[in-house]
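Here, each number is a calculation from the coordinates, and none is a lab measurement. From a predicted model like this one, the values you see are computed outputs, not experimental measurements. Note that we place each Cβ from the backbone using ideal geometry, even for glycine, and neighbour counts take in every protein chain shown.
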């Protein structure tokens with residue numbers, strides 16, 4: 001088998017010049033005719049480089065571009081030396097005849113529609129006339145008393161609308177649709193873990209429909225503790241012109257939860273009741289639909305008994321004990337920030353004001369009124385100062401669940417006593433409102449309105465602190481207080497949260513106060529009964545009630561047995577390490 005034949009092409013070298021020879025004929029020694037034929041083949045044939053950046057204007061540049069190098073003119077130099085599209089021929093350029101003539105830029109902006117004149121639909125006036133005719137027919141059969149109520153309410157709404165339109169616009173002026181801006185910085189009161197199982201969500205709209213009427217309480221015999229000082233009536237003569245400074249008074253304040261109360265532990269062993277809680281925990285549950293901030297309550301099912309408890313926290317840092325400020329206001333204070341007007345700082349200030357005001361209105365020089373157990377059950381033997389507060393343990397009958405009667409046992413508080421017409425002691429619940437900055441909390445200045453328009457000030461507090469006022473009223477009702485005293489305490493300077501003045505006081509009966517703030521007691525007891533029924537049907541264990549920070553609902557969780565215990569152990573270990581150091 002023979003190999004295929006392959007001839008190597010000949011390569012001609014140009015020994016007399018630079019670049020290729022004039023002929024590309026592959027013969028070893030081409031004749032002049034062959035060379036002429038090759039040249040004639042490419043004669044008069046125009047040339048155009050394939051790329052405008054092809055540097056074929058020169059065969060070689062012996063000088064180098066560094067001689068003519070300039071930063072700004074380097075590209076110009078290359079075009080000048082090596083050629084550019086400006087000097088090249090245009091024989092092969094593509095001309096966009098039709099495309100250039102028809103080219104248009106697309107307008108992506110939104111077209112502006114010309115204003116159109118409003119044209120009423122033909123049947124629109126017919127519907128308006130029909131509704132007006134129906135309103136006139138209904139007015140003929142309407143109760144005159146109901147008609148006057150509707151007209152009065154309509155006039156009030158119109159007056160309010162005119163007042164709002166005339167009022168100077170503040171922070172809410174540029175909000176969309178003028179609606180209430182939700183505080184997106186609200187965080188849950190406790191961090192929910194993945195091991196917690198969600199049992200049920202209960203919306204506030206469902207709770208608002210509940211009712212449990214005719215619930216009455218009674219004192220548990222022999223279970224009243226503490227001593228109460230008499231109320232100083234001189235405080236009632238305080239006014240804006242004769243204001244007095246709020247004093248700093250030392251004292252002992254207790255925040256003992258349900259399961260740590262020795263009296264409740266004793267009553268649970270004696271089977272006095274099967275549901276146990278403190279008054280502030282019950283007030284929080286019963287006023288849940290009015291709350292905005294997040295809070296949480298722990299529920300223990302032990303045997304056939306139910307305990308509502310709060311998480312163990314340092315001092316009054318628990319959301320159940322905190323006294324919120326402007327929680328239900330149109331523009332509530334922010335939770336975070338370095339300002340003294342954030343929600344946490346205002347809650348601390350309100351707690352300071354309430355504790356000092358409660359002590360300042362007492363007659364310390366007189367003999368106090370003492371219960372059958374003068375010492376508070378939480379006091380230590382070697383404790384010098386007393387709490388100057390009385391605790392009454394009361395029980396309420398809430399009906400029965402599946403034949404099992406529900407008996408609620410709660411610890412209530414009284415702050416003072418007042419001598420009645422026949423010198424009988426009348427129990428008082430003493431609370432204090434605080435003004436921090438009128439321009440940021442409704443625009444009602446206490447110093448100008450409190451003397452002649454105290455109702456307007458109370459209405460503003462009802463709007464801004466609806467939940468807090470309802471809690472205080474329920475605490476007074478649970479404790480069977482005869483009166484509830486409100487104090488009005490304001491900052492001396494809006495930029496200083498440490499110095500305050502007492503500008504006035506106001507007194508109500510608890511039932512009257514509940515009626516003024518539209519607090520439906522039957523609905524409050526119905527809410528509590530609904531929550532009790534839910535947990536009484538659950539197996540023994542540990543549960544959590546959490547108010548959602550952003551939605552109007554409460555959520556039930558099934559907790560593991562070691563929930564909230566690890567954090568407490570860590571705190572104890574840290575305290576032990578600090579003591580050792």
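Report the gain in length on full extension from residue 191 to residue 3: 0.36 nm times residue separation, minus Cα-Cα distance, nm rounded to one decimal. Numbers along the way, then the final one.
Values: separation 188, 0.36 × 188 = 67.68 nm, distance 8.75 nm.
Result for the pair: 58.9 nm of gain on full extension.
Taking 51 Å as R0, compute the FRET efficiency from the Cβ-Cβ separation of residue 239 and residue 130 and round it to 0.05.
Values: r = 57 Å, r/R0 = 1.12.
For R0 = 51 Å, the calculated efficiency reads 0.35.
Taking neighbour Cβ counts within 10 Å as the exposure measure, how do 196, 436 sort from fewest upward? Kindly include the intermediate steps, with their values, before the conclusion.
Details: 196 17, 436 21.
If I rank by nearby Cβ atoms, fewest first, I get 196, 436.
R0 = 41 Å: FRET efficiency of residue 219 with residue 459, Cβ-based, nearest 0.05? Could you put the intermediate results ahead of the total?
Details: r = 35 Å, r/R0 = 0.84.
That gives a FRET efficiency of 0.75.
Taking every pair of alpha-carbon atoms in region 424-519, what share in percent sits in each 10 Å bin, from 0 to the bin with the longest distance?
Histogram of Cα-Cα distances, whole percents per bin: 15, 47, 29, 8, 0.
How would you order 447-455, 539-547 from highest to lowest mean count of nearby Cβ atoms within 10 Å?
On the way: 447-455: 13.9, 539-547: 17.3.
Ranking the peptides 447-455, 539-547 by packing returns 539-547, 447-455.
Take region 318-447, compute every pairwise Cα distance, and split them into 5 Å bins from 0; I just need the percent in each bin.
2, 7, 12, 15, 14, 12, 13, 12, 9, 3, 1, 0
Show me the three semi-axes of the equivalent ellipsoid for region 224-331, from the C-alpha gyration tensor (sqrt of 5 times each eigenvalue), largest first, rounded to whole Å.
On the way: eigenvalues 213, 92, 34 Å².
Those come to 33, 21, 13 Å.
May I ask what percent, to the nearest 5, of DSSP beta bridges between residues of region 198-580 are antiparallel? Spell out each step's value before the answer.
On the way: 54 of 70 bridges.
The antiparallel fraction comes to roughly 75 percent.
Between residue 302 and residue 550, what FRET efficiency follows from the Cβ-Cβ distance if R0 is 41 Å, with the result rounded to 0.05? Let's see the in-between values first.
Details: r = 33 Å, r/R0 = 0.80.
With a Förster radius of 41 Å, E is 0.80.
If neighbour count is taken as other Cβ atoms inside 10 Å, put 490, 2 in order from fewest to most.
Working: 490 24, 2 4.
Going from sparsest to densest Cβ surroundings: 2, 490.
How long is the gain from residue 516 to residue 439 if the chain were fully straight, where each residue apart is worth 0.36 nm and the alpha carbon distance is subtracted? Please list the in-between numbers first.
Numbers: separation 77, 0.36 × 77 = 27.72 nm, distance 2.55 nm.
Here the segment from residue 516 to residue 439 would lengthen by 25.2 nm.
Quick one: Cα centre-to-centre distance for region 215-279 and region 447-519, in angstrom?
19
Give or take rounding to whole Å, what are the principal axis extents of the alpha carbon atoms in region 393-446, in descending order?
55, 39, 16
Using a 10 Å cut-off around each Cβ, can you sort 187, 556 from fewest to most neighbouring Cβ atoms?
Working: 187 12, 556 19.
Fewest to most other Cβ atoms nearby, the residues stand as 187, 556.
Per 0.36 nm of contour for each residue apart, how much would the distance between residue 448 and residue 342 grow if the chain were fully extended, relative to their Cα-Cα spacing?
Details: separation 106, 0.36 × 106 = 38.16 nm, distance 2.51 nm.
The residue 448-residue 342 span can extend by a further 35.6 nm.
How long are the semi-axes of the equivalent ellipsoid of region 198-580, defined as square roots of 5 times the Cα gyration tensor eigenvalues? Whole Å, largest first. It would help to have the intermediate numbers written out before the result.
On the way: eigenvalues 204, 125, 104 Å².
Listed largest to smallest, the semi-axes of region 198-580 are 32, 25, 23 Å.
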